[in-house]
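**Student:** Could you have a look at this structure, given as C-alpha cells, before my questions?
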Amino acid sequence: MNSLRLWPLLGALSLAACKKSDSNSSAATGNSPVTAPLDYIAAQGKAKKFAEKTINMVELNAAIQKFQAMEDRYPRDFNELVSQHYLREAPVPPPGMRFVFNSQTGQVALVPEGQVTSPAVPSTGVPVQQPRRGPGGIRIPQQGASPVGE
C-alpha cells in the first residue's frame with residue numbers, strides 16, 4: 001500500500017523537474033523578462049537595417065526601369081541615373097555590403113563586401129562609384145556636382 005502512494009509522488013516530482021528545465025531553456029534563448037528590453041532594441045535595429053535595404057533596392061530598381069523605358073537601354077552605372085535625374089543621389093549600401101550592377105541586364109544585387117560577385121548578377125566590370133564619406137559617415141558631395149533641384 002505504501003508503494004502505491006510513492007508512485008504518484010515520483011510522477012509529480014518528475015513533472016516538476018521537466019518544467020524547471022523548460023523554463024531554463026527559455027531563458028537561454030532570450031525570452032527572459034530581464035533581457036526583454038535589450039532583445040527589443042536589437043530587433044528594432046535589425047528591422048531598421050532590413051527596411052533601409054529594401055527601400056534602397058526598390059527605389060533603385062524603379063529608377064533603372066524608368067531609365068530603360070525612357071532611354072531604351074539600361075544605364076551604365078548609378079551615376080548616370082543621378083546625372084539624368086532619375087535618382088537624387090547615388091545609393092549608399094548598408095555597412096559591410098556593396099552593390100553589384102549589371103549594365104547589360106539592369107539587375108542590381110546587394111552582396112557582402114568580401115563576395116566577388118553574385119551568381120544571379122554577373123559583374124560587367126563597371127565600377128560603381130560610391131559617394132565619399134567624411135568623419136561620422138557624413139556624405140561629401142563630388143566636386144562640380146550640384147544638388148538636384150537647384
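Rule-based calculations on the coordinates, nothing more; no lab input. Given the structure is predicted, the values throughout are model-derived calculations rather than measurements. Neighbour counts are summed over all protein chains in view; Cβ atoms, including those assigned to glycine, are modelled from backbone coordinates with ideal geometry.
**Student:** Below 8 Å between Cα atoms, with a sequence gap of 6+, how large is the relative contact order for the stretch 38-126 in percent?
**Tutor:** 21
**Student:** Next question. Apply 1/(1 + (r/R0)^6) to the Cβ-Cβ distance of ARG76 and GLN44, taking R0 = 30 Å, and write down the FRET efficiency to the nearest 0.05.
**Tutor:** 0.20
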